[in-house]
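Since the structure comes first, as structure tokens, the remarks are kept for the end.
The values are calculated or read from the model by the stated rules, or taken from the named source; none is laboratory data. Since we're looking at a predicted model, the values are computed, not measured. Virtual Cβ from ideal backbone geometry, glycine too; neighbours counted across all protein chains shown. Surface accessibility is based on the protein's heavy atoms, side chains included, excluding ligands, DNA and RNA. Shrake-Rupley method; radii C 1.70, N 1.55, O 1.52, S 1.80 Å.
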Amino acid sequence: MAQVPPSLLPGPNLIKNFEQVLEEADIGKALLNSLIVSSSITLGTVLCCTLAGFAFAKLKFKGRGALLTLTIGTMMIPPQLGVIPLFMLIAELQWVNQLQAVILPGLVSAFGVFFMRQYLVQSLPDELIEAARVDGASTARIFWSIVIPIARPGMAVLGMLTFMTAWNDFFWPIIALSSQEPTVQVALRQLGGGYVNDQSVIMAGTLLGTLPVLLVFGLLGRQIVGGIMQGAVKG
């Protein structure tokens, strides 16, 4: 870490550090828990935010502007203010140290609702919805057959951002979960302990926790960028 210029290649103790990481923390279980939590939050956020975004963008109902303003306004409230009542709620439900305590509070985000609303306002023509209604399509049929195919690029971007945010979340999981049911970020806190922190072990664990995100982005990044460009051309 102190070498100048810094080395771009790992040192000779990389495998040994990986072994020590596996001894000090249950990284395998933490990776599985993080995958379950991040995937569940991503699926829920993409579906719910697309539904809400479609409603705010194209459906006419009383109080639409006020509800959208209220939704956006929640983004200005620091999440730390809701920790105590949220923990009291999951304690009442007996969800402490269970993965649903981390999954359910993150299934919808105000940013996701606003993001999908703005995307559908620009990408979904009103004439297409009117034509579908003339043909007798219900609102649910319009959403599944018309909205989702058009919103797919925006959903892919929102899904990637949500997955990375959920994977890197540390504040709420360390409160709601114990060391027996950790996510990756909570498990990394257990590494390198002692009078002096072993930075090599901590960085090796960080590498293990980062590889899945890099893998997902490597597999889906080109599709996401291509979908955005395709949607822009069609628009």
Go through the stretch 42-61 and report how many residues are surrounded by fewer than 19 Cβ atoms within 10 Å (Cβ to Cβ) and either among the β-branched types (Val, Ile, Thr) or modelled with pLDDT under 90 (or both). 3
Per the filter on the stretch 110-128, residues in contact (Cβ under 8 Å) with a residue 24 or more places away in the chain, aliphatic (A, V, I, L, M) and either out of contact with any Ser or Thr (no Cβ under 9 Å at 6 or more places or on another chain) or farther than 11 Å from residue 54 by Cα (or both) are 110, 121, 124
Among residues of the stretch 1-22 being among the β-branched types (Val, Ile, Thr) and in a helix (DSSP H, G or I), the residue least open to solvent (accessible area, probe 1.4 Å) is 21
Exactly one of 108, 83, 121 is touching a helix residue (DSSP H, G or I) at 6+ places or on another chain (Cβ under 7 Å) and open to solvent by 60 Å² or more (accessible area, probe 1.4 Å), and that one is 108
Test residue 68 against the stated conditions and say whether it is in contact with a helix residue (DSSP H, G or I) (Cβ under 6 Å, 6 or more places away or on another chain), at pLDDT 85 or above and over 22 Å from residue 102 (Cα atoms). yes
Residues that are of a type in the set (Lys, Arg): list the helices (runs of 4 or more DSSP H) wholly contained in the stretch 44-110 that include at least 1 such residues. 64-73
Hey, any hits in the stretch 157-177 for a residue that's at pLDDT below 85, open to solvent by 40 Å² or more (accessible area, probe 1.4 Å), within 26 Å of residue 97 (Cβ to Cβ) and not acidic (Asp, Glu)? no
Which one of these is open to solvent by 30 Å² or more (accessible area, probe 1.4 Å) and either assigned to a helix (DSSP H, G or I) or of a type in the set (A, V, I, L, M, F, W, C) (or both): 34, 39? 39
Among the numbered criteria (1) more than 25 Å from residue 181 (Cα to Cα); (2) open to solvent by less than 100 Å² (accessible area, probe 1.4 Å); (3) modelled with pLDDT under 85, which single criterion is violated by residue 25? (1)
Does residue 75 satisfy being surrounded by fewer than 14 Cβ atoms within 10 Å (Cβ to Cβ), without any contact (Cβ under 8 Å) to a residue 40 or more places away in the chain and touching a Ser or Thr at 6+ places or on another chain (Cβ under 9 Å)? yes
Looking at the stretch 86-105, which of its residues are closer than 25 Å to residue 157 by Cα and either of a type in the set (Lys, Arg) or surrounded by fewer than 18 Cβ atoms within 10 Å (Cβ to Cβ) (or both)? 100, 104, 105
With the structure loaded, tell me whether residue 96 is touching a Phe, Trp or Tyr at 6+ places or on another chain (Cβ under 7 Å) and within 30 Å of residue 33 (Cβ to Cβ) or whether it fails that test. no
